[in-house]
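The values are calculated or read from the model by the stated rules, or taken from the named source; none is laboratory data. It should be emphasised that the depicted structure is a prediction, and the values quoted were computed from it without experimental measurement. No Cβ is skipped: glycine too gets one built from the backbone with ideal geometry, and neighbour counts run over all protein chains shown. Keep in mind that these areas ignore ligands, DNA and RNA; they rest on the heavy atoms of the full protein, side chains included. Shrake-Rupley method; radii C 1.70, N 1.55, O 1.52, S 1.80 Å.
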Amino acid sequence: MTKAKVESVQEEVERRGQPTMADVAKLAGVSAMTVSRVMNGKGLVRDSTRRKVAEAVAALNYTPNQEARNLAGSKPIRVGFLYSNPSAAYLSEFLVGLLSQSGLNNVQLFVEKCEAGEHEAEQTRRLVDNGLDGIILPPPLCDSEEVLAAIAEANIPAVVVACGLPDSHVGAVSIDDYQAAYAMTRHLVNLGHHRIGFVVGHPNQTASARRLEGYRAAIAELGADASPELVVQGMFTYRSGLDAAEHLLALEERPTAIFASNDDMAAAAVAVAHRLGLDVPGDLTVTGFDDTALATTIWPELTTVRQPIAGMAREAVQSLVRRVRALREGEAAEPEQVRMDFELVRRQSDAAPRTRPSALLPLAAGKRAG
């Protein structure tokens, strides 16, 4: 939507006093019925359309009429969000989607931080005690047996996001981490890279293992170098990315490409390469995973796997809302398992390995070129 269009609709709203669903529809360029479907989390709506509606709602500061919602039998839904993520970029993207969709679906959000491995069950029970209708768990808590057990004990619906192998008893929104890592590794081999370093994600997430499996499968299938020294443990943090890149680039035969399991660690690898005087991608290709805002704020911009983080958060809210409403109406409500698409996004950090000419030896003393 253009700035002029936003200002035009805002002027109309100011003359009347309050924005309406029709105003949101006009600004988003969709029908009022589509806006209604997005607001209520019902029906199939494209992710791009949901984004347009969310942007229009934010631009107009639109709040659905509460009385009308109550008449429609849609009282507020109380949802807990328990998080612990070392990547600020990932968490920021997730919160954008979570907050925007919560506003559209009349969701009251209760947010609590939980340090992974520290009193997880206790913090989960404390959050549930707020009288929640459901709970959303991003990584790494989506893989916590203690958290999932506490939720099962409370007998409330839950949706896990970006879990490598989701439990069938909870809803899940994810991508295929195995295929995504396989596709990126295959892309690098097709560019001509034979020695590809891989930085593994945090060991407390099943998605990390799935990405490593995808990398190894592509390496084996395409006959690239499978040396164990090329796989280095990371923790999904920038600091761990620095350590991993320094290790890989100190090898006697260093890799020509590094594939990091998230953008934070990939950005760190780019920084190490620059410090060592290496050109990216001339001397070293670096790729990441997630496509967070960080991927386009460093130089060169990262080639990465786009995981629709904000879209996954929005889908988690809608999936949970659908289940809670069904339960309120006494209907059967099985957990939904939603698989979203990933995309390999090429930018400026990848290229074919550079072939350098052999260095010319100095002429022997007393000899002249002739």
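Only Cα pairs under 8 Å and 6+ residues apart enter the sum, and on that basis the relative contact order of the chain stands at 16 percent. Annotation for GLN348 and SER31: the two label points, set 7 Å from Cα along the Cα-Cβ direction, are 4.4 nm apart. The overall shape of segment 206-246 is oblate: from the C-alpha gyration tensor, with semi-axes ordered a ≥ b ≥ c, the ratio a/c is 1.5 or greater and a/b is no larger than b/c. A Cβ-based charge dipole, computed about the Cα centre of the chain with Lys and Arg at +1 and Asp and Glu at -1, lands at about 1260 debye. Rolling a 1.4 Å probe across the protein heavy atoms gives segment 215-354 an accessible surface of 42 Å² per residue. Here the chain carries DSSP beta bridges of which approximately 10% are antiparallel, counting only pairs with both residues inside. Once a ≥ b ≥ c are taken as the square roots of the eigenvalues of the Cα gyration tensor of segment 142-187, is the result rounded (a/c under 1.5), prolate (a/b larger than b/c) or oblate (a/b not larger than b/c)? Because a/c hits 1.5 or more and a/b exceeds b/c, segment 142-187 counts as prolate. Between 0 and 90 degrees, the angle of helix 47-60 with respect to the longest Cα principal axis of the chain falls at about 60 degrees. The residue among LEU284, GLY330, SER144 whose Cα reaches farthest toward the positive pole of the charge dipole of the chain, with charges on the beta-carbon of Lys, Arg, Asp and Glu, is LEU284. Semi-axes of the equivalent ellipsoid for segment 220-325, computed as √(5λ) from the eigenvalues of its C-alpha gyration tensor and ordered from largest down, come to 31, 16, 12 Å.
Cysteine residues of the chain whose C-beta has no other cysteine C-beta under 4.7 angstrom: CYS114. Label-to-label distance for GLU213 and GLU229 is 2.9 nm, based on points extended 7 Å past Cα in the beta-carbon direction. Once both labels are positioned 7 Å from their Cα atoms along Cα-to-Cβ, the gap between ALA58 and LYS113 label points is 2.3 nm.
Remark: relative contact order (segment 140-197) = 21 percent; criterion is Cα-Cα distance under 8 angstrom and separation of 6 or more residues.
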